[in-house]
Every structure is written in C-alpha cells, then in structure tokens.
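The values are calculated or read from the model by the stated rules, or taken from the named source; none is laboratory data. Please read these numbers as outputs of a predicted model, since none were measured by experiment. Every residue, glycine as well, gets a Cβ built from its backbone with ideal geometry; the counts of neighbours run over all protein chains shown. All accessible areas refer to the heavy atoms of the entire protein, side chains included, with ligands and DNA or RNA removed. Shrake-Rupley method; radii C 1.70, N 1.55, O 1.52, S 1.80 Å.
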Amino acid sequence: MVEIFGLELDKLIEEFKKVGLPAFRAKQVFQWVYQKAVFDFSQMRNISKADMEKLASNFSLLPAKIKVLQELQSQDGITGKFLLELEDGATVETVLMHHDYGYSICVSSQVGCDMHCSFCASGLLGCVRSLTKAEILVQVYICNNRLKDGNGKVARIVVMGSGEPMLNFDNVFGALEFLHSEDTANMSYRNMTVSTCGVIPGIKRMTELNHPINLAISLHAVRENLRTELMPVNKAYPFVWVIGVAEEYAKVTGREVTYEYILIKDKNDSQEDAKLLANFLKFKHASVNIIPANPVPEHGWERPGAMRIDKFLTVLNNNHINATLRKEMGTDINAACGQLRNNYLKGKKL
C-alpha cells in the first residue's frame, strides 16, 4: 500500500502508471484531494468502479487515517482547536481561526518541542520527532474538509504551533511550496508566516529561497541574561545576531519582519524594557506583536495588567516602532501552543 498524500502531480502519475492507471486518473485524484478535500476514493464521482477498486487496493490517503481525538470550539465561534493522532500514535495540535478576510490555520511542525522556552507549554515534554511534509499538509486539509460544506477553505497559514520550524526546514518549506501551487491550495507566499525562536542557519536558508514568506521572530526580551533565561536558544544564537540576520531577510525579500514579544508580569514588561526593545529595532524593517502571557501553571508566569501593557505599547509607538497588541482567540479552549496536548497526555497517565 503506497501512501500518496503530499506527492507532487508528476510523482503521482508515476505511481499510477506502475499499477496501470492512466495519467488523467492521477490528475482527477489530485483535484479531488487538494481542491475538494475528498479523501475517500469511493466518493470521487468521475472515476470508474474498476479504477476505484484498483486505487483502494494499491494506495492510501493520510487524512483518512488521522484520528481527531478532540475538537474544541471557542465560545465566540471563531476559533477551533484540533488534537490529532498520527499513525504512530503521536499527537499534534492545530488551530483554525475565522477572520473577516477568511480562514487561517496555525500548524505544528514537530511533535512537542526541544527549545524549552520558559513561557511555553509545547516544550514541557520535549520533542518526540519532526513531522513529515505530509503530516504538516494534513493539518490544512483536514480543516479544509471540515469547511467544504460551507464553501470555505484555509487561505492563510502560520507555522507557529508546536515545534521549531527551522529544525524541520525541508518538510516545512516543502509543505509551503506545495500549498503555493496553483493545482493545490493556490496559496500566496505572502499569506504564509513562519515563526522561529531565532535559529540562524534556518533564517539564512529561508533568505536563500527568496520566497516572500512572512518571517516572525520570537524575541521576548532584549536583555541578554533575561532572554537566555526565557529562551535557552539565546546561548547558541544571541538575539543581536538574530536581528541582524532577520534584517537581511527583510532586505532580500521586501517583507517586514515581525518580532513577537510575550509580556510576562514583573519579568520583561517594564518601560525600560520597552525602551531597550525600541532601541534595538529602530531603523529596522520591523514591527512588534505584543502578546500578554498565557498562564502555564508549570512555569508560574502571569500576564501584566491592562495599564502596564498599554504603557509598554505607548513607549514603543512613541519611539516610532510599529507595535500592536495581538487579538486573543481561543483562550477558553486551550488554543495556546501545547496546552491541549499536554492536558490530554496528563489524562492518559492518570
């Protein structure tokens, strides 16, 4: 049984020819899967019964084998979170969000994470493994399958779920290039975002690709010791170096870099921290996305009050840094990275 989900059309044609299926059948199946989000050969209505049987006996489609262990919907009705079980029993999270402009999805790139950022639930249990290209794509197409009855589909993707995308570079960018194809999701690179803790070799490779994909950097502190405490990756890739490499990316691609900054009460939320952040990003092709900390009981961090958040933003804006406060979506359904998976795994151990 050959797994064909995620194969480019020319590879799919090759596989079909091996079992005596013509090229036009491959094109038909390709359209059913990637344009109509249909994963059952028997539901592909323009395929003969004989060829359906041949398809079913020789090939499999990954989305049909993925279990949705949990599906949660926020009270506002605009955010959904899925806990998916992969073929090997590993679990990953995917978040689907409904905006005025359409649907966006936040996908995971690894099962867990080894970055061990002190404010994030994803790294509490470490990284089990990286996802394959097909496993990254399946998160998009399972959501497209849920949306198809309303004639909706995912229009934007952010690789900002569990895992460090730059440590799974080939599969992440292979998936994004696949989604960009006119024959699949026809998704613009400008509607894609990759978020990294600051793994410099990956940012450099991203620059070499020269796709106008949005780059987001998890920064969260601009005091060396504090960032190392919050994000151990700072030991290997100091944030000053990261900003320099990210600025080069902005110059090559013409895309402004977004710096994500989680505000943690009494940790990195002072006006002095805001002034330092403004100094490091001044005259850069950059914007700042302020994120009030999500509560992670294992770490004990809290979010600042509204007034302190507002003062932090005011300092940045007064220093001509384009800074915004992220709109929170799905806080009532554990939509932050790693929370749903961790709660599920804890339950399994009880």
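If you go through segment 30-38 one residue at a time, do you hit one that is in a helix (DSSP H, G or I), closer than 20 Å to Thr184 by Cα and among the β-branched types (Val, Ile, Thr)? Among the residues of segment 30-38, at least one is in a helix (DSSP H, G or I), closer than 20 Å to Thr184 by Cα and among the β-branched types (Val, Ile, Thr), which makes the answer yes. Does segment 282-297 include one or more residues that are part of a helix (DSSP H, G or I) and open to solvent by 10 Å² or more (accessible area, probe 1.4 Å)? The answer is no; no qualifying residue exists.
If you filter segment 34-68 down to residues that are aliphatic (A, V, I, L, M) and open to solvent by 60 Å² or more (accessible area, probe 1.4 Å), you find that the one that is nearest to the chain's Cα centre (by Cα) is Ala64. Within segment 18-44, residues that are charged (D, E, K, R) reach partners that are surrounded by fewer than 21 Cβ atoms within 10 Å (Cβ to Cβ) and not in a helix (DSSP H, G or I) with beta carbons closer than 8 Å, at six or more positions or on different chains, in the pairs Arg25/Ile47.
Checked against (1) closer than 24 Å to Gly163 by Cβ; (2) modelled with pLDDT of 95 or more; (3) not in a helix (DSSP H, G or I), Gly20 passes all but a single condition, namely (1). Scanning segment 128-147 for residues that are touching a Leu at 6+ places or on another chain (Cβ under 8 Å) and over 24 Å from Gly80 (Cβ atoms) returns a single hit, Ser130.
Summed over segment 179-190, the residues that are in contact with a helix residue (DSSP H, G or I) (Cβ under 9 Å, 6 or more places away or on another chain) and in a helix (DSSP H, G or I) give a count of 3.
So is Ala175 touching a residue at least 40 places away in the same chain (Cβ under 8 Å), over 22 Å from His99 (Cα atoms), open to solvent by less than 10 Å² (accessible area, probe 1.4 Å) and assigned to a helix (DSSP H, G or I) or not? Yes.
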